[in-house]
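**Q** This is the structure I want to talk about, given as structure tokens.
Bear in mind these aren't lab numbers, they're just calculated from the coordinates by the rules spelled out. Since the model is a prediction, treat every value here as computed from it, not as a measurement. Here the Cβ is made from the backbone with ideal geometry for all residues, glycine too, and neighbour counts use every protein chain on show.
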Amino acid sequence: FGAGGGYGEQEGYSEERISAQRVADHYSARSNQTLEERENSPIIHLKKLNNWSHLRQIKSVLVQLYARPGDCVLDLACGKGGDLIKWDKAKVGYYVGVDIAEGSIKDCMTRYNGDSDQQRRKKFSFPARLICADCYETRLDEYLREDAPFDICSCQFAMHYSWSTEARARQALANISALLRPGGTFIGTMPDANVIIKRLRESEGMEFGNSVYCITFGEEYTEKKFPASRPFGIKYKFHLEDAVDCPEWVVPFHLFKLLAEEYDLELVLMKNFHEFVHDYVQRPEFADLMRRLGPLGDGRSGQSTLSQDEWEASYLYLAFVLRKRGPPPSQ
Ligand code: SAM
């Protein structure tokens, strides 16, 4: 592994490179937690919602809905490989994971090879390749020429790290488009800019949140106005209790959709997590997942395993599906 993230030895850091490095350092520093540590996390239920752990996850539903047996998978910003099991259950044929954080890639490798603490399982059934690189800076097609084309690309809770500049956002989409086959699927989850901006405007100061998360905008946004002419680089600090504490960028979804179209990626679905949960919880094929998570709702019913604050934090996210233009695969 090691495909040109390469921040450490370079001179003349640009601001966005320093920010990307901060993100990488943050995730690298978060070493693999034990099961006990994870169960004690204040946001364990939210993680389960994001994860619907062992098939309790919104990500799981996306994978279940869109992955096909034998698929060649590209997992951008794969982190510690928390989704490996989902891909295994979907019986995919090949997996490539890319992440900027070296520590996460190492953890992912450990997980893939079957560590004793977390998974106590044998190796995964599909071959995998793990690469440490900045997905939004590097031309990945040069590294993955022999692995492409991919049937499905996934970018979970990470697309927004590309939105620091237009060049990075474009490189992200160019990579996905270049590596997906025509008719291939791009699935992902990221913060919902509409919710974030609405919450900011409703708040008195430059900060809002609850017991599990806090979002802080800088003084440059005191007027709480975001001109359409400058839609990139709108930075805020995101703190999610026991999970995230680093700079992130607002992704105006209508612009994401328009930019993706320039790279032949057409929108199939976009749903805020609340809508997503309510839509899929009804479907019999996911009933088992939802049963394991426990009753959902607004957290006020007293039945839900999610607290009101956790449920509110999940409202910050959306799920999306795009499809690469071109003929569907011949059967
Ligand atoms: N996708 C994984 C998941 O859902 O479990 C990890 C999500 S974590 C919230 C965000 C991930 O994005 C981190 O692993 C981080 O290192 C990665 N990341 C952030 N910026 C990146 C970049 N420029 N290139 C590659 N990975 C990046």
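**Q** Can you sort M270, M190 from fewest to most other Cβ atoms within 10 Å of each residue's own Cβ? Don't skip to the answer; put the middle values down first.
**A** Values: M270 17, M190 24.
Ascending Cβ contact count within 10 Å gives the list M270, M190.
**Q** Please list the non-local residues whose amide H lies under 5 Å from the amide H of L318, H modeled 1.01 Å from N, same-chain partners needing a gap of 5 or more.
**A** M190, D192, F273
**Q** In which sequence would W249, W311 go, from the one with the fewest C-beta neighbours within 10 Å to the one with the most? Please report the intermediate quantities before stating the final value.
**A** On the way: W249 25, W311 22.
Neighbour counts put them in this order, fewest first: W311, W249.
**Q** Which whole-percent values make up P(r) of the stretch 120-174 when all C-alpha to C-alpha distances are grouped in 10 Å steps starting at zero?
**A** Cα pair-distance distribution for the stretch 120-174, in percent: 19, 47, 25, 8, 1.
**Q** Going by C-beta contacts inside 10 Å, put T138, T185 in order with the fewest on the left. Mind dumping the intermediate values first?
**A** Values: T138 19, T185 23.
Ascending number of Cβ neighbours within 10 Å: T138, T185.
**Q** Over the alpha-carbon set of the stretch 82-235, work out the extent along each principal axis and list the three values in angstrom, largest first.
**A** 53, 36, 27
**Q** Could I ask something else about it? Please compute the length gained on full extension between E266 and R201, using 0.36 nm multiplied by the number of residues separating them and subtracting their Cα-Cα distance. Walk me through the numbers on the way to the answer.
**A** Values: separation 65, 0.36 × 65 = 23.40 nm, distance 3.07 nm.
Contour length minus Cα-Cα distance gives 20.3 nm.
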